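The values are calculated or read from the model by the stated rules, or taken from the named source; none is laboratory data. Note that the structure is a prediction, hence the values are computed from the model and not measured. So basically every Cβ, Gly included, is an ideal-geometry build from the backbone, and we count neighbours across all protein chains shown. The area values use the complete protein model at the heavy-atom level, side chains included, leaving out ligands, DNA and RNA. Shrake-Rupley method; radii C 1.70, N 1.55, O 1.52, S 1.80 Å.
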Amino acid sequence: MTGRPLSLTERRRVILLLSCAGLASNANLRMLDSALPQIAQDFSVTAGQVGQLASAYLLAYGACQLPFGIVGDRRGKYRLIALFCFLCFAATMAGALAGSFGQLWLLRLLAGAVAAAVIPMSVSWMGDNVPIDQRQAVLAGYMAGTLTGMVLGQIGGGFLAEWVSWRLAPAMVALIYLAVGIGMTAYARRVPAVHGNGGEPPRPPMPVGTAFRTVFSGLTRRMLLLAGSVQGMTVFAIVPFSGLLLVQRFGIDLAQTGFILATYALGGFVHTLVIRGLLRRFGAPAQYLIAAVVTVAGMLILGLAPWLWLTPLGAILLGLGGSGMHNNLQTHATQILPESRATGFSIFTTLFFMSQSVGAAICGLLTDRIGIVAAYLAPAPAILILGLWFAAMSRRHRL
């Protein structure tokens, strides 16, 4: 995986392809959120049960991070992403044809497994090919592409579920995966340097045991892993339940739900516009705390606002705060193990998504026992504590 460094134009084209792959993956993750009520009705299952679709996807997504990270360091990150775009096409299209809830659950599990290589390997590829002083801005731009997928998934999933069928959403996402896989394969034939490491001499991947010992040996690394796990279990575990929350609170249709939830991604776009100013004015530690407070404010509006017209504001704040918290950690995580970047980053993402799956499962159980509002708001105190703790630790360790 040697070769010349990519030109700026070549790098931008690769990042565009990676952004399209990330768009499909985020659409895949969120496209059924607005459609959960219809899926529950079609398959005669409870709200808590249908919420486990998100848990299944995230469980497999998290479990496959580490093996794919190890393979990515040894066989090439770009090559792995292109291959798994084709596998994502097959798994997601199969989900559109599921004949029972059990089949759909298993196919969402499979879709989560094969999608696990896309976004983390893309971020790792950028870690290899984008200088550290440019990386946060590039990652923010990449996030804008993936957030577009979230918008399309939320709006498209709700609209199609209301007016056609929820099954059309996974079919359309599958076709995006197919197009991106073909595009990445064709571009690699034209520009073989995409498989390289920014023009630097190749380094043998770190043995897996050594990588684990290194990642868990440093206080700063352990702090990042803990913060990512808590964030996954709280902030991101509740997002798939936002559609159920709105439908049960206000009785709106699925198309309306999708449009409201799409403003979550709008909050993420706002983050990409304000992040540089926040970092200059407040610094990274304070920015993380601000993001945690904004996240909780969004949750409270969604869970308690008496008027429907206020809920888009809650979704925007939830997206703005969640993106701010996650982008902060993700940027640091690209440097968690530079010698074997994909392996190190995959350890971080494994813990993040496994924790998210556990949080989603807990939220589903609580929804059937104490109600959607109480289950949705339960993580709020933990998010505030996380914001205070990580901000203080970041300031102490100069992150």
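The Rg/Rh ratio of the stretch 127-268, with both radii computed over alpha carbons and Rh defined as the Kirkwood radius, is 1.07.
Take peptides 237-245, 68-76 and line them up by average Cβ neighbours within 10 Å, highest first, as a rough protection proxy.
237-245, 68-76
With both labels modelled 7 Å from their Cα along Cα-to-Cβ, the residue 281 to residue 396 distance reads 2.8 nm. Shape class of the stretch 334-399 from the Cα gyration tensor (axes a ≥ b ≥ c, square roots of the eigenvalues): oblate, since a/c reaches 1.5 or more and a/b does not exceed b/c. Normalised per residue, the accessible area of the chain is 38 Å², obtained with a 1.4 Å probe and no contribution from ligands, DNA or RNA. Computed on the Cα trace of the stretch 246-399, the radius of gyration divided by the Kirkwood hydrodynamic radius gives Rg/Rh = 1.00.
Could you state the orientation-averaged shadow area of the convex hull built on the Cα atoms of the chain, in nm² to one decimal?
Averaged projected hull area, Cα only: 17.6 nm².
Taking 0.36 nm per residue of sequence separation and removing the Cα-Cα distance, the residue 86/residue 313 pair yields an extension gain of 78.0 nm. Residues 20, 88 ordered from highest to lowest accessible area at a 1.4 Å probe: 20, 88. The value for the stretch 299-381 of Rg(Cα) / (2.2 N^0.38 Å) is 1.39. A simple packing score, the average count of other Cβ atoms within 10 Å per residue, orders the peptides 363-370, 145-152, 279-286 as 145-152, 363-370, 279-286, with the highest score first. Using a Förster distance of 22 angstrom, determine the FRET efficiency expected from the C-beta separation of residue 4 and residue 134, and round it to 0.05. Once the sixth-power term is evaluated, E becomes 0.75.
Report, as a whole number in µm² per second, the diffusion coefficient that Stokes-Einstein gives for the stretch 325-370 at 20 °C and 1.002 mPa s using the Kirkwood radius over alpha carbon pairs. Translational D for this selection: 179 µm²/s. Helices assigned as whole DSSP H runs in the chain whose Cα atoms extend at least 24 Å along their own long axis and whose mean Kyte-Doolittle hydropathy is -1.0 or higher are found at 8-30, 77-96, 132-163, 168-190, 254-282, 284-304, 311-333, 341-370, 380-397.
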